[in-house]
Amino acid sequence: MKDPYEMLANAIVLRAVRDYRDSLKKLKKYPNNKSALYTKREVERFFHSDWYASLTTVDPEMLIEKLKGEVI
């Protein structure tokens, strides 16, 4: 059985990925959407935080570029 803390850490990161992807899709359609811009910035800030680094070893820049590539 997986460690519950690892499962929680993965769920937090996956939620951020989902939120980021959704904000990028909204911004593609509506570039001036303030809510999507806010979410994008906040998730990018999270990806570069110490908290993110304590949750995963996934490189934040690589993840951001991969997600941006999915939406383009």
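Values in this text are rule-based calculations from the coordinates and carry no lab data. Here the structure is a predicted model, which is why all the values come from computation and not from measurement. Glycine also receives a Cβ, built like all others from the backbone with ideal geometry; neighbour counts cover every protein chain displayed.
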* Asked: What is the Cα coordinate range of the range 4-71 on the first, second and third principal axes, sorted by size from largest, in whole angstrom?
  -> 38, 20, 18
* Asked: With point charges of +1 on the Cβ of Lys and Arg and -1 on the Cβ of Asp and Glu, referenced to the Cα centre of the chain, which listed residue (S49, L37, L14) lies farthest in the positive direction of the dipole?
  -> L37
* Report, to the nearest 10°, how far helix 34-47 tilts away from the longest principal axis of the Cα atoms in the chain, using its own Cα long axis and a range of 0 to 90°. => 30
* Asked: Helix 4-29: angle to the longest alpha-carbon principal axis of the chain, degrees 0 to 90, nearest 10?
  -> 10
* Asked: Peptides 38-51, 4-17: what's the order by average Cβ count within 10 Å, highest mean first?
  -> 38-51, 4-17
* Tilt relative to the chain, helix 60-71 - C-alpha long axis, 0 to 90 degrees, to 10 -> 50
* Asked: Which lysines have a Cα lying under 22 Å from the Cα of K34, excluding residues fewer than 8 positions away in the same chain?
  -> K25, K26, K68
